[in-house]
Structure formats: C-alpha cells, structure tokens
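Values quoted throughout were computed directly from the atomic coordinates according to the rules given, and no laboratory measurement underlies them. Small disclaimer: the values here were computed from a predicted structure and weren't measured. So basically every Cβ, Gly included, is an ideal-geometry build from the backbone, and we count neighbours across all protein chains shown.
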Amino acid sequence: MNSQIKQQWVTALRSNEYSQTQGNLRSPNGFCCLGVLCDVYAKQTGNKWIIQLTEDVIPFTYYYFDEASITLPESVKKWAGLHMRNPVIKEELSLAELNDAGKTFEEIAQLIEENF
C-alpha cells in the first residue's frame, strides 16, 4: 500500500470526522472503513459520491462511488496501492467484515498500520 495514502486513511479514521456504519461504503448515518478511504480519494481528486434513493416499500438511500457501494472501486484500490477491493488482514478477515462485526475505526486504523 502507498505509505502516504495509508497515513491519510489512518488519520481520517481517527479524526472523529466520520460516523461509522455497516453494510455499505456509505449510508445516511455514516461510512464504513472502506468508505472513509473513498472519501479521502474524493477530496483529493474531486470525484463525487452518487446518491440514489430507492422507491421500494421502505425507501433507502444508496451511496455509490465509481459504481461501487460495498467494496472499494477499482479506481480507489489502484490509487491506494492495494491488491484487493476488500483488503484482508493476515489472510483471515477483510476490513469490511471487521467493520461490520463492530471493530471501531480506532481498532481498524491500528490494524491497517500493523498490516499494510
């Protein structure tokens, strides 16, 4: 992983600027850890989040970044120097799984520092 981008990501995760959510890169309630990386990329490149409201029985707002809503889009993966769209820690659990299982942004930031 690109060391400068890693530091920016870890700093963003620890910044208290982002509320944490599960299941998607971003929701009206916050971001998952991968969504934070997308947002760091967006701020540097000017790319924008795409917001789509469903008209189902229970309306839901979906956020897409370069057509991705659950894992990193290819553009962000390449920019960050990552090998996977959902990076794995020690060949066990992906960052998205750790996020969705309740690991805090601080805990995830520590794992990123130690493993990438």
Only one of VAL10, VAL57, VAL36 that is without any contact (Cβ under 8 Å) to a residue 60 or more places away in the chain and not hydroxyl-bearing (Ser, Thr, Tyr): VAL57
Qualifying positions in the stretch 8-37 - surrounded by fewer than 17 Cβ atoms within 10 Å (Cβ to Cβ), touching a strand residue (DSSP E or B) at 6+ places or on another chain (Cβ under 8 Å) and hydroxyl-bearing (Ser, Thr, Tyr): SER19
Considering only the stretch 67-116, how many residues are among the charged types (D, E, K, R) and under 13 Å from the mean Cα position of the chain (by Cα)? 5
Within the stretch 11-27, of all residues that are part of a helix (DSSP H, G or I) and under 11 Å from the mean Cα position of the chain (by Cα), the one nearest to ASP100 (Cα to Cα) is LEU13
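Conditions (1) farther than 22 Å from GLN4 by Cβ; (2) not aliphatic (A, V, I, L, M), marked per residue:
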| position | (1), (2) |
| --- | --- |
| GLN22 | yes, yes |
| PRO28 | yes, yes |
| GLY46 | no, yes |
| GLU91 | yes, yes |
| LEU98 | yes, no |
